[in-house]
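A short worksheet on the structure shown next.
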Amino acid sequence: MKKIIIVGGGVAGLSALNRLIDLGISATLIEAGSYPSHKICGEFFSPECLPILNKWNLAPAKKIECVSFVTDRHTLSFSLPIHARSQSRFDFDQSLVRRAEEKGAKILTKTKVKDIGRSSIVLDSGEELSYSDLLISSGRFFGASSIPCYIGIKGHMKGIEIKNGLEMYPFSGGYAGLSSIDDDYSNFTCLMSMNMHRKEDLLQKLFEMAPHLQRRLQNGHLAFDNWMTCQIPAFGIKKTPQWANTYFIGDAAGTIPPASGLGLSIAITSGYMAADYAARGDSLGFQNAWYTKYKEVFTYGHLLHRLLTTPLAFRFVASIARLFPSLPLILFEKTRFLSKED
């Protein structure tokens, strides 16, 4: 009988858990933190993940109909052929937890994995749990150190008029995003290069590089007590160990630049896909399928990331886009992947 353990309770792990429960397979998820909680995340749901979320009746209600790239001189906008969605991670993660628990899934919070064996894991409490298949969605991979390359900033804001769009603010070494997550609040997130500032100067440095962004935010106020910040390692597909009956998903398999807007979609679809492959015990097949599905969008995601963090390159592409208005949509579609879920 299948007995599956999922290490890491982010969106990828929770998506795998929900799919396994739908397949009638016993699964236990282990999460070091607790629910609900805010996450530093763009909270942008690209259309690829919506068929799964619609099936689960969990698709976010807030639509993202257009994307605008805003500089101090110009604004470049385009409409999305299929609307994306937006919702706070505080609410979305909790909805995944609630659905899984209502269907009988077991979720252990405030619990860490101390050791992994070939057929069992040991928790920090000393308890040993056996498994037939292991899904790993912990991006930090049990404390393995990674050199930070970026600083992430996030805050929910009130009083900013934005409607159904996503605004992107590129600057040298980083970019910021602003979108509405419901009728009252907007989500502001920012990625900045580590070598550009000291921690105490984050917002000051940001507004020096993007004064038009400061003007955009001046009528809003922060809904959190303080800005959330975190250190972020380099982006890319990770070299995961070749363990039998083990499936790496979400950030444990690869971290795509947020400029792509694909982080949540990859988490949801890779978790769903891993559950299907784990159900038939095909970890090698999953590795091949993951690489085939996501390799190309990682490549284009990196290109878009470099474009947004290099002002001269962005201005050049923006000038071409004014002559060829379809160019932004073409670039957007290059960073999408096909999603064919049951």
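The values are calculated or read from the model by the stated rules, or taken from the named source; none is laboratory data. Note that the structure is a prediction, hence the values are computed from the model and not measured. So basically every Cβ, Gly included, is an ideal-geometry build from the backbone, and we count neighbours across all protein chains shown.
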Taking interchain pairs and intrachain pairs at least six residues apart, which have beta carbon atoms under 7 angstrom, with the first residue in segment 218-229 and within 15 Å of K39 (Cβ to Cβ) and the second assigned to a loop (DSSP other than H, G, I, E, B)? M228/H38; M228/I40
Name the residues in segment 177-193 that are crowded, with 22+ Cβ neighbours inside 10 Å and either among the hydrophobic types (A, V, I, L, M, F, W, C) or more than 24 Å from L304 (Cβ to Cβ) (or both), would you? L178, I181, F188, C190, L191, M192
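Kindly state which helices (runs of 4 or more DSSP H) lie completely within segment 227-342 and contain at least 3 residues that are under 22 Å from P47 (Cα atoms).
The helices (runs of 4 or more DSSP H) meeting that bar are 263-279, 283-308, 327-334.
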Single condition K163 does not satisfy, out of (1) surrounded by fewer than 21 Cβ atoms within 10 Å (Cβ to Cβ); (2) in a strand (DSSP E or B): (2)
Of all residues in segment 304-323, count the ones that are small (G, A, S) and either within 25 Å of the chain's Cα centre (by Cα) or buried (at least 16 other Cβ atoms within 10 Å of the Cβ) (or both). 2
Single residue of I160, I151, I136 found to be farther than 24 Å from P257 by Cβ and not aromatic (F, W, Y): I160
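Each row is one residue, and each column tells you yes or no for (1) modelled with pLDDT under 95; (2) within 24 Å of I232 (Cα to Cα); (3) not aliphatic (A, V, I, L, M).
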site	(1), (2), (3)
G8	no, yes, yes
L17	no, no, no
L23	no, no, no
I40	no, yes, no
F45	no, yes, yes
L58	no, no, no
E65	no, no, yes
S86	no, yes, yes
Condition first: closer than 22 Å to A61 by Cβ and either assigned to a strand (DSSP E or B) or not charged (D, E, K, R) (or both). Now tell me which residues in segment 166-186 satisfy that. L166, E167, G177, L178, S179, S180, I181, Y185, S186
Kindly list the number of the only condition in (1) modelled with pLDDT under 95; (2) assigned to a helix (DSSP H, G or I); (3) surrounded by 13 or more Cβ atoms within 10 Å (Cβ to Cβ) that fails for R216. (1)
Could you tell me how many of the residues in segment 286-302 are over 18 Å from the mean Cα position of the chain (by Cα) and either crowded, with 16+ Cβ neighbours inside 10 Å or acidic (D, E) (or both)? 3
Name the residues in segment 299-332 that are over 23 Å from F171 (Cβ atoms) and modelled with pLDDT of 90 or more, would you? T299
